[in-house]
Amino acid sequence: MENHYCQKIVVLCGPDYSCYDCNQHCFFAWKKSICDANQSLTLFKEALDNSTDAVGMSTPEGKHYYQNKAFDELFGTIGEYPPDTMYVDKSMGDVIFKSLREGGQLTTEVKMYRKDRSVADVLLRAYANKNKDGKIISLVGLHNDISEKNKDAEELNNAKVLAEESNANIRSIIDNTTENIWAVDKEYKLIYINKVFQKEFFDGFGVQLQQGDCILDKLPNTSSKVWKERYDHAFSGTHFSFDDEIEVAKGVIVYVYVSMNPIVVGNDVIGVSVFASNITERKMQEKELLKAKERAEESDRLKTAFLQNISHEIRTPLNAISGFSDLLDKHELSDEKRREFISIIQNNSHQLASIVSDILTISSIDAKQARVNCETVNIYELMVELEKNYQQFAKQSNIAFSCIYGSDDIKPEVYTDKTKLQQILSNLLNNAFKFTEKGEVEFGFSLKDEMIEFFVRDSGIGIPAEDLKKIFNRFYQSDNAVNRKQGGTGLGLTISFSYVELLGGELFAESEPGKGSKFVFTIPCIK
Ligand code: ADP
């Protein structure tokens, strides 16, 4: 037999020392005397023992005849027919061997037993060695334990899934909250914006915000500068919060509570996240509460002032009445003096009656007891009567007085409460004369749509703007010389206001200090 040195001896030398490639007697077999079967594998072993892959070889029939060091370590010594002992799923082994015999090579992941019988994920790359004639001479399997890699990949994948889940959760919370939430990068570009903020920004400024937009460019110029300063403050690493007032349309204010937080990665601030809640309702309630508190305090103050005032107002005529009544009792009084005293007593009685009547009226209004007693009233006649009543008084006070009837043919008859209408006009006229030292007082009416509009105008001291809002409040009196000198209860306008309301109209005042005042009210023109 010719000595044969096969180049591929490492791979191709079969267990019977014949060459699988050429079928001739192997070089090692030829050297059988010095190289027995084990020796024939020495080179082969040396080469493969350095491999990290666990290499195993089988005859085409599947009989295992070689394994390298890595194979030893991974699988230990196995029986002749590996599928029986190596593969977790025995049928896998048969499938692999069958497919190698048919197809020549495969790469697959398969579960195999380690030598300690623990299960490993193994990447198997296997192929069938064929000779020149295409005959399979051996089956070679390279096994790589990828359990750790798989575990890492699985852990990585789990972490990724977890991160995605928590990201989705956070996103859903952020998107479904009632808070406005957004974040910008260092160029003030939106890196995140939730739907609430998108909507509120659109409702407020008519601008549809998108991720990537520069928020400063989208704000009105007036707000842009101040917001830039706020972002810059947060970029410096400061967390802060504040209440803000935003005028979204003329006269429409939205109140927001804003919290700004730097987004820090490592040592760098890479952006700013912002949380803003609409607190308009709360602010409004606070304002209402504050107003109510102020009103309560004002009312308390006014009541105290009223009590002091009223005791003075009642005591003055009462003292006069009792004082002059005592004097009347004296026999030596002349007739003239007696008449004078009687007149004083009468005037003071009227004054007292009027004060008591005002207090009773206010009480009945408070108790919602004031009733409207309607009758057909000829407005023209009522005005003529009032004009007559005040003419004499105007003459004495040297004040020009006139009634403006609109047009002569307007003599409306309306169905209303005559007494209340008279009292409203009298209260306004009394005030007009009271607060006018010289000049003129005029009053009148005109028809306006379905209403009759009355006015009382004077050229008196007028009312400061800050008092104009308060004069209809009960007991309120401006601090002026007339009030200090002549007193009053501060109830006349409150009564008038309530009566006008009861009659279905409105009362308001215009005034300019030093120039005079005009009180205007309406009542429905019901025939
Ligand atoms: P009183 O006249 O008894 O003080 P009112 O309720 O009638 O009470 O008026 C309240 C306050 O409104 C007055 O004290 C006065 O300061 C102011 N006022 C009302 N009418 C006039 C007016 N025509 N001109 C100037 N001030 C007025």
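The values are calculated or read from the model by the stated rules, or taken from the named source; none is laboratory data. Nothing here was measured: the structure is a model prediction, and the numbers come from that model. Cβ coordinates were reconstructed from backbone atoms using ideal geometry, including for glycine residues, and neighbour counts include every protein chain displayed.
Could you name every one of the strands (runs of 3 or more DSSP E) located completely within the stretch 41-120 that has at least 1 residues being at pLDDT 90 or above? Break it down stepwise before answering.
On the way: elements: 54-58, 64-67, 105-113.
Output list reads 54-58, 105-113.
Can you work out which of the residues in the stretch 489-505 that are assigned to a helix (DSSP H, G or I) and more than 7 Å from the ligand (Cβ to nearest atom) is surrounded by the most Cβ atoms within 10 Å (Cβ to Cβ)?
Going residue by residue through the stretch 489-505, those that are assigned to a helix (DSSP H, G or I) are 492-502.
Going one step further and asking which of them are more than 7 Å from the ligand (Cβ to nearest atom), we end up with 495-502.
On the way: 495: 22, 496: 22, 497: 22, 498: 21, 499: 24, 500: 20, 501: 14, 502: 15.
It comes out as 499.
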Inspect all residues belonging to the stretch 512-527 and state whether any of them is assigned to a loop (DSSP other than H, G, I, E, B), among the polar types (S, T, N, Q) and within 8 Å of the ligand (Cβ to nearest atom).
no
Tell me, which residue of the stretch 262-317 that is farther than 21 Å from residue 476 by Cβ and among the small types (Gly, Ala, Ser) is surrounded by the fewest Cβ atoms within 10 Å (Cβ to Cβ)?
266
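Examine the stretch 500-507 for a residue that is more than 25 Å from residue 379 (Cα to Cα), within 43 Å of the chain's Cα centre (by Cα) and among the aliphatic types (A, V, I, L, M), and state whether such a residue exists.
So in the stretch 500-507, the residues more than 25 Å from residue 379 (Cα to Cα) come out as none.
Looking through the stretch 500-507, none of the residues is more than 25 Å from residue 379 (Cα to Cα), within 43 Å of the chain's Cα centre (by Cα) and among the aliphatic types (A, V, I, L, M).
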Which one is modelled with the lowest pLDDT, of the residues in the stretch 329-355 that are under 15 Å from residue 319 (Cα atoms) and among the aliphatic types (A, V, I, L, M)?
355
Take the stretch 456-482 and flag every residue that is farther than 25 Å from residue 402 by Cα, near the ligand (Cβ under 8 Å from one of its atoms) and in a helix (DSSP H, G or I).
467
